[in-house]
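Have a look at the structure below, then the notes.
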Amino acid sequence: MRPAVAASLLALALVRGASASEVPGAVLVLEADPGSPGSDPAGAPPRFVLMKDGELFVGGTERFEAGRLDKTESSALLKKADAVRRLRLSSPVSFEGDASRTARLRLLEGKPLEIVVKGDPAQGSPALAPLASLLTDLLRYDHPSLRPYEPASFALTAREARLIGGCRAWSFGFPITEALSAPRTVAAEDANGWPTGARPASVCVDSHRYVVTLRPLLPGERP
């Protein structure tokens with residue numbers, strides 16, 4: 001398998017694996033590979049989350065900002081989502097450009113629809129214009145109401161692997177092996193001092209090395 005293809009498949013698997021949980025009340029969710037050097041998609045916050053009541057969360061490499069849209073703003077986004085539904089696309093959808101760029105769009109109002117996207121939306125065909133337009137808007141979304149959001153808890157995941165450099169000791173109140181098969185929820189105060197979001201930590205336990213991520217959770221979300 002070519003390295004570029006292998007990297008694309010790995011990133012896609014991590015984006016999908018990181019988002020196994022659901023956000024109660026969400027109607028529109030976009031998850032995307034953070035793409036920054038050394039980042040780990042398993043810990044990346046969703047790039048964009050719109051709730052039924054207009055509450056808004058915009059994610060970056062490590063954390064969220066929270067805000068609120070009025071009814072007109074929220075309806076405008078949902079109309080663009082409806083235009084994507086009418087395309088009746090089969091997932092995954094591939095745009096031109098870097099195939100290692102991966103994202104997952106979930107439309108959750110009514111019958112849920114999930115579309116996995118690879119490539120650069122700016123290089124899409126005219127037939128895919130509604131999808132490209134929505135993705136472009138969400139990936140760079142800004143709003144005057146946005147303020148930093150401090151999560152109450154994180155989803156901790158671990159896998160046995162090595163990162164370049166040193167490693168830190170395990171400090172949580174459960175064996176690291178419990179986080180290998182499924183994420184564990186940890187309180188924000190317990191995660192103090194640890195890298196969060198897509199910034200992974202290297203951990204040494206006995207003779208084993210692990211990569212650990214702490215993904216910030218939204219209100220009511222469970223990993």
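Only the coordinates and a few stated rules stand behind these numbers; no lab work does. Keep in mind it's a predicted model, so treat the numbers as computed, not measured. A quick note on method: Cβ atoms are made from the backbone with ideal geometry, for glycine too, and the neighbour counts reach across all protein chains shown.
Quick notes on this one:
- Helix-derived mean residue ellipticity, 222 nm - over the chain, DSSP H n ≥ 4, -39500 (n - 2.57), to 500: -6000 deg cm²/dmol
- Two-decimal Rg/Rh across the stretch 114-223, once Rg and the Kirkwood Rh are taken from alpha-carbon atoms: 1.09
- Evaluated at q = 0.08, 0.09, 0.16, 0.17 Å⁻¹: base-10 log I(q)/I(0), Debye formula over Cα of the chain: -0.30, -0.37, -1.11, -1.22
- Residue-wise HN-Hα couplings along the stretch 122-128, as the Karplus relation 6.51 cos²θ - 1.76 cosθ + 1.60 with θ = phi - 60° gives them from phi, are 5, 10, x, 6, x, 5, 9 Hz; Gly and Pro carry x.
- 0 to 90° range, to nearest 10: angle between helix 3-18 axis and the chain longest Cα axis: 90 degrees
- Extension gain, ALA122 to PHE174, is 14.2 nm, computed as 0.36 nm per intervening residue step minus the present C-alpha separation.
- Surrounding net charge for THR213, when Lys and Arg each add one and Asp and Glu each subtract one, Cβ distance under 12 Å: +2
- Contact order normalised by residue count of the chain, Cα under 8 Å, 6+ apart, percent: 24 percent
- Whole-Hz Karplus values for the stretch 61-76 come out as 5, 10, 8, 10, 10, 10, x, 8, 9, 7, 4, 5, 5, 5, 5, 5 Hz, taken residue by residue from phi with 6.51 cos²θ - 1.76 cosθ + 1.60 and θ = phi - 60°; glycine and proline positions read x.
- For the stretch 195-223 versus the stretch 50-127, the gap between their alpha-carbon centres in whole angstrom: 26 Å
- Acute angle (nearest 10 degrees) that the helix 129-139 long axis makes with the longest principal axis of the chain, alpha-carbon atoms: 40 degrees
- Gain on full stretching of the segment that runs from LYS79 to ARG162 - 0.36 nm per residue minus C-alpha separation: 25.4 nm
- Scanning residues 5 or more positions from PHE64 or on other chains, those with amide H under 5 Å from its amide H are TYR149, with H placed 1.01 Å from N in the peptide plane.
- For the chain, built as a Gaussian network whose Cα springs stay under 10 Å, the top-fluctuating residue of ALA129, ALA76, ALA32: ALA76
- Applying a DSSP loop filter and a limit of 15 other Cβ atoms within 10 Å to the trypsin sites (Lys or Arg not before Pro) in the stretch 103-141 leaves ARG140.
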